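In what follows, a structure is listed as structure tokens, so that the remarks can point back to it.
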Amino acid sequence: VRKMENIKKVQNDNVPLLLQPCGFLFFLGAALRRAMFSSKKPSCLIFPPAPNKDNAEAVIVLHGLGRTAMSMLIPAMRLRANGYTVFLLDYPSSNADIRQHANTLAGLIKIIKTQNKFKKINFLAHSLGCIIIRAAFANFAEIMPDGRTVMIAPPNRGSRTASRAAKIPFLRKIL
């Protein structure tokens, strides 16, 4: 288990982003803190590639609506085991709109690109994360990387369940 390195708070276009290099145990602690204190700020947990597996590519992983980065932990760990540096983006999916989340993603991409150590930056996203990636490509095309994008269950035609839930007043606030 790798010890936590310096925690850097980075301001980019007024979007606070907390970058935390970590190992598995630290991730569990961060997830528990987030659940206990319900952070409304986006954060990014960085998993360096497994020893002797570095392939100079990065993958940004995004979760879906109502989830946390914990829901994407298994694919993130498998990517890490295959030599990718994994940036597990955790964002409060119901506390901001898609444009704000896309702005956060663009800020993360700018930070990763300034490190200038990755040949490719790829994406793995589930549900709402897919929409955020699309919004980032639409609004920040000039900074978006050339890597691959894997979308798991993108809501291409919207979600029937979300449309129904939006009609219920107290659920509208959650969505």
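Bear in mind these aren't lab numbers, they're just calculated from the coordinates by the rules spelled out. Treat the numbers as computed from the prediction; the structure is a model and nothing was measured. Neighbour counts run over all protein chains shown; Cβ positions are idealised from the backbone, glycine included.
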Q: Let me know the shape class of segment 62-155, please: from the alpha-carbon gyration tensor, a ≥ b ≥ c as square roots of the eigenvalues, rounded when a/c is under 1.5, otherwise prolate if a/b is greater than b/c, or oblate.
A: oblate
Q. In nanometres, what is the gap between the two model label sites at T149 and K117, each 7 Å from Cα along Cα-to-Cβ?
A. 2.7
**Q.** Amide H partners (placed H, <5 Å) of T149, local residues excluded
**A.** F123
